[in-house]
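No value in this document is a laboratory result; all are computed from the given coordinates. Treat the numbers as computed from the prediction; the structure is a model and nothing was measured. In this analysis, Cβ positions are derived from the backbone assuming ideal geometry, glycine residues included, and neighbour counts consider all displayed protein chains.
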């Protein structure tokens, strides 16, 4: 038994080395799973997969490592019989059917129906007695015993797996004869894109990200809306409850809850369209457009060295007036223009969101204006698409600005960006106390307590 | 009842669910190891069906919890029946009972409204708990599920901890609208179901659409399969393929031809751009199939 145990351990180690995360608990599950299905190659592969691989994108890698570690089992499926246990169709037709496998595959000795039977559990199943060599996982020790017990001539040596075999193995492991890998692959691609830093974006990535926005935008339109609409929980409306109780002779049989109204906030977004943060800014502008109905007023501006109103028309970003994208960016100037032109319209309801890298070309940062902005508005949030280690390096005035804002949030990739934006709408301050325990506070509330400030 | 692989595979075929090794092994393990089973896959490949078939297999009650954004414990776990409690208080007042007695009355199981999760735990027999589209629920709810799925116990402050007498067979499905947490994945066995291949789909059609000729069923399966290989917004699901097959049967078609496909394509594709795209390629798809 120790060899099987050791070999499973080696297998898990190989998976971990290949980058698949496997916990101790999952390893134990895998052992129990193998004990439950027995040492039948097909079920054993699926049992290990069910216990160890929790993401379909990892499955081809798993199959390759499985073939390498349990190559004797795998090679029998490959060379021995065309319709062996690994053939999904044969297995799908019913397993009582070990005998039906035998008919189709005459090369397999009839006694395998007993030896290979899944009911033939770990204890009785012939396990190799020597310990597997961890340095040569594919040259299985004890292969001979294993094969002999399964009615296979000991001389049949599985050829060591070559590079070319890998895709074939992946094909065979596909659940159906010609199943399409599309969905899982797409999901994996999507995840990779969501986690790709904006700094590494190319035009191709940007186009793909815009397609991905489609899904996020739907989420944006429903999520905050639904969260705000959920009114059966929260604060008790005492007056309405008493009134309803009057209809029932003073018994307050029906609880009336205070409807949660969306906060009457106004959102002002400033997005830096220059240089490396351009992609992040454009995606943010596009996403925020979908949040429109969660705010009383939504204004979006793009800037390089001055402000320009940004809107989306038929999927294209329209700037009025047009903006010179190659000008030297200067946030100090932008602040001044903002203060001059929009200053009077800003009030305690306004939430200002600034997305940029704070790279000012060493011009005056005009910190006092940002401070004044913070005093007049409810909150100023800075989203930084630059990696944290580059904050404040070179001509970046980000760390100086950081002292004047309520929160500085890192938005290096699409996932961080969307999760920061979707948390912007929130309930009225009074109502949110009752649910504070169940909802994460909006992120600028916790900012003062050191959420993201350096 | 002893759960064996044969029991599972025979049960699945008895429930007329066409499967493969992967599904059978995963379902068997979920039962044998008493672990929740997390099923992922595109929409319409029969993820939810697995739970229904499992209930039929075990001859158990299926308890379903449909997840949605904003689902909370009151809707998933339990709620006190406030109206009934009030009535009880009124009656008890008239009889002049003191507070302790009243409290014992109103905070008892009689006044608890069981929601799916609590129901799955308190059922005396083994139940099948289906947590559908768990990716649609909030992250907070997912974290709450962790506790429930690992121990199958729930704490109601007034009543104490309620532990499942017989752990339900739990099935979670996800469409991957959102990435599920690692913690949840770790606690579950994982099964990925993809669209079936031609052969598998043909068997499904023959099984579910009685009266269908084998040749036409094969053609339908091939065509739908070719259709899924196009880059579509929403590839046709198995249920849609079955609907289409039934429609073809009603139209008394003997074989697939371009004209009838074009006129019935709306049963398979529900987006205008998908339909336009496929319509332009019907000839080529037929040729390939």
Open item on the list: Taking 56 Å as R0, compute the FRET efficiency from the Cβ-Cβ separation of residue A:390 and residue A:9 and round it to 0.05.
Closed with: 0.85
- [ ] Calculate the spin-label point distance for residue A:240 paired with residue B:250, positioning each point 7 Å from the Cα along the beta-carbon direction, and give it in nanometres.
- [x] 4.5
- [ ] Compute the acute angle (0 to 90°) between the alpha-carbon long axis of helix B:82-94 and the principal axis of greatest extent of the alpha-carbon atoms of chain B; round to the nearest 10°.
- [x] 20
- [ ] Relative to the longest principal axis of the C-alpha atoms of chain B, give the angle of the C-alpha long axis of helix B:238-250, reported between 0 and 90° and rounded to the nearest 10°.
- [x] 50
Task: Shape box of chain B [Cα atoms, principal axes, largest first, Å] - done: 83, 42, 37
Task: Extension gain, residue B:103 back to residue B:161 (0.36 nm per residue minus Cα-Cα distance, nm) - done: 19.1 nm
- [ ] Let me know the shape class of region A:278-394, please: from the alpha-carbon gyration tensor, a ≥ b ≥ c as square roots of the eigenvalues, rounded when a/c is under 1.5, otherwise prolate if a/b is greater than b/c, or oblate.
- [x] rounded
Task: Length-normalised contact order of region B:1-71 in % [C-alpha pairs under 8 Å, at least 6 apart] - done: 30
- [ ] Report, in degrees rounded to the nearest 10, the 0 to 90 angle that the Cα long axis of helix B:198-208 makes with the longest principal axis of chain B.
- [x] 60
Open item on the list: Explain nothing, just the number: relative contact order of chain B, from Cα pairs under 8 Å at least 6 residues apart, as a whole percent.
Closed with: 22
TODO: From other protein chains only, count the Cβ atoms within 10 Å of every residue's Cβ in A:40-52, then give the mean.
DONE: 5
TODO: With a Förster radius of 41 Å, plug the Cβ-Cβ distance of residue A:195 and residue B:113 into 1/(1 + (r/R0)^6) and report the FRET value to the nearest 0.05.
DONE: 0.45
Open item on the list: Please report the equivalent ellipsoid semi-axes of region B:198-288, computed as sqrt(5 x eigenvalue) of the Cα gyration tensor, largest first, in whole Å.
Closed with: 19, 13, 12
- [ ] Could you work out, residue by residue across A:56-65, how many beta carbons of other chains sit within 10 Å of that residue's beta carbon, and then give the average as an integer?
- [x] 1
Task: Average other protein chain Cβ within 10 Å of Cβ, residues A:21-34 - done: 3
Task: Sites residue A:203 and residue B:139, calculated FRET efficiency, Cβ-Cβ separation with R0 30 Å, nearest 0.05 - done: 0.35
Task: Candidates B:242, B:57, B:256: whichever shows maximal mean-square fluctuation once chain B is modelled as a Gaussian network with Cα springs under 10 Å - done: B:256
Open item on the list: Just want to confirm a number: the relative contact order over region B:198-288, from Cα pairs under 8 angstrom separated by 6+ residues, in percent.
Closed with: 30
TODO: Determine the calculated [θ] at 222 nm for chain B from helices alone, applying -39500 (n - 2.57) to every DSSP H run no shorter than 4 residues and normalising by the residue count; nearest 500 deg cm²/dmol.
DONE: -15000 deg cm²/dmol
- [ ] Can you tell me which of B:89-97, A:48-56, B:6-14 comes out highest on packing, and rank the rest after it, using the mean Cβ neighbours within 10 Å?
- [x] A:48-56, B:6-14, B:89-97
